[in-house]
Structure formats: structure tokens, C-alpha cells
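> Submitted below is the structure of interest, expressed as C-alpha cells.
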Amino acid sequence: MSNKSKQVPTVAYSESAIRNNLSITEYCRTSMAALSGCTAGLLGLTSLHGALFYIMAVTTLWLMILYKAGFATWNKYFISRKSLLTSGIFGQLFTYILCWTFSYGMVHVY
């Protein structure tokens with residue numbers, strides 16, 4: 001056997017740190033959903049425009065989190081980049097719709 005075989009380094013994650021990071025991310029998503037829902041309602045965005053606005057807000061928040069964590073070093077703080085984007089999208093959608101309906105009804109319904 002030769003010593004030239006490549007060794008794969010073992011990566012250890014702190015479960016409490018990962019859980020804390022995901023908790024903070026969930027709080028940011030909830031805040032983003034409420035703020036973007038109110039914004040979409042105030043702007044009068046309906047149907048496809050409102051859905052595209054939500055997708056844009058989710059993607060923007062995802063990019064901002066990756067920027068804050070570092071595009072090259074995000075794996076120090078989160079296990080998966082895809083789950084960071086997709087986790088909680090539909091749960092926060094209800095918050096978005098609730099805030100959108102409230103603000104749209106306050107401004108645009110006579």
C-alpha cells in the first residue's frame with residue numbers, strides 16, 4: 001500500500017450551533033414574509049405579480065444569507081445550501097398571504 005492515497009477529512013458539526021443558525025434563519029424568513037406581504041399588499045400586486053414578488057423576496061433573502069455566511073464558506077454554518085433555500089417556503093407563504101390580504105384590504109378595498 002502506498003501513502004499517496006487521498007484521505008478524506010472528517011467534518012464535525014456542532015448540532016446546537018446548526019440548530020441556532022437554522023432558528024435565526026427561520027426568524028428572518030418569517031420577518032421577510034410579513035414585510036414582503038405588506039409591501040405587496042400596499043403596492044396592489046395581485047395574482048402572478050404577487051407570486052413573483054414572493055419568489056423574488058425568498059431568493060433575495062437566500063442570497064443575502066449566503067453573502068453573510070460567505071459564498072465560499074457557507075458550509076461552516078449550514079449543512080445544505082439547497083435546504084437553506086427550500087426549507088419553510090410554503091410555511092412562510094401563509095404568513096405572506098395573511099399580511100398581503102390585510103394590507104391590500106386596508107388600502108385598496110373600498
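> Of these, Ala40, Ala33, Ala51, which one is within 30 Å of Val109 (Cα to Cα) and in contact with a Ser or Thr (Cβ under 6 Å, 6 or more places away or on another chain)?
Ala33
> Scan the range 46-86 residue by residue and report those that are in contact (Cβ under 8 Å) with a residue 40 or more places away in the chain, within 18 Å of Leu22 (Cβ to Cβ) and open to solvent by less than 60 Å² (accessible area, probe 1.4 Å).
Hits for the range 46-86 are Ile65, Phe78, Leu84.
> Looking only at helices (runs of 4 or more DSSP H) that lie completely in the range 13-110, which have at least 1 residues being among the small types (Gly, Ala, Ser) and either at positive phi or over 15 Å from the mean Cα position of the chain (by Cα) (or both)?
Per the criteria, 15-43, 47-69, 89-108.
The values are calculated or read from the model by the stated rules, or taken from the named source; none is laboratory data. Quick caveat, the model's predicted, so the values are computed rather than measured. Neighbour counts run over all protein chains shown; Cβ positions are idealised from the backbone, glycine included. These area figures cover heavy atoms from the full protein model, side chains too; ligands, DNA and RNA do not enter into them. Shrake-Rupley method; radii C 1.70, N 1.55, O 1.52, S 1.80 Å.
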